[in-house]
Amino acid sequence: MSESSPAVRDPQFLKWLIIMGLIEGTSTLVLVWAVLMKRVFIQPWGGTAVSITGSIHGLLFVLLVAMLFVGWKRIPISGGLLIAGLVGAVIPFGPFLVDIPLYRLLKGTSGRSSD
């Protein structure tokens, strides 16, 4: 295998990591919407919406970070992609951006036969 196309040992876990990135990134958008409802549009249910979506988003964030560390060894992903994933997990739209190289890694393995 060349440096540009590393062997993926667990493509199924890679798929789940990509899906988790999409879910966690979407939960960030839902949380932003809830905060806007509470702070900008002063909705009486805004506090409840922030509490619920914040809790769900926090759980999804922890799961994404854990999956990144597991994927580092199980897939494996590079240390640079691990760092990008960790940074991406804390900035808005970060998980969507990190999913791009993860998806490319997955697509690079789809046409290969097992050795």
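So that you can scan it fast, the table gives a plain yes or no per residue for (1) within 15 Å of the chain's Cα centre (by Cα); (2) surrounded by 12 or more Cβ atoms within 10 Å (Cβ to Cβ):
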position	(1), (2)
Pro44	no, no
Ile52	no, yes
Ser55	no, no
Leu63	yes, yes
Leu81	yes, yes
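Right, Ile75: touching a residue at least 12 places away in the same chain (Cβ under 8 Å) and in contact with an Asp or Glu (Cβ under 6 Å, 6 or more places away or on another chain) or not? Talk me through it step by step, then tell me what you get.
Details: touching a residue at least 12 places away in the same chain (Cβ under 8 Å): yes; in contact with an Asp or Glu (Cβ under 6 Å, 6 or more places away or on another chain): yes.
Criteria met by Ile75.
Would you check which residues across segment 59-97 are of a type in the set (A, V, I, L, M) and more than 13 Å from Glu24 (Cα to Cα) and list them?
The answer is Val70, Ile75, Ile77, Leu81, Leu82, Ile83, Ala84, Val87.
No value in this document is a laboratory result; all are computed from the given coordinates. None of the values given here were measured: they were computed from a predicted structure. Don't worry about glycine lacking a Cβ; one is built from the backbone with ideal geometry, like all the others, and counts go over all protein chains shown.
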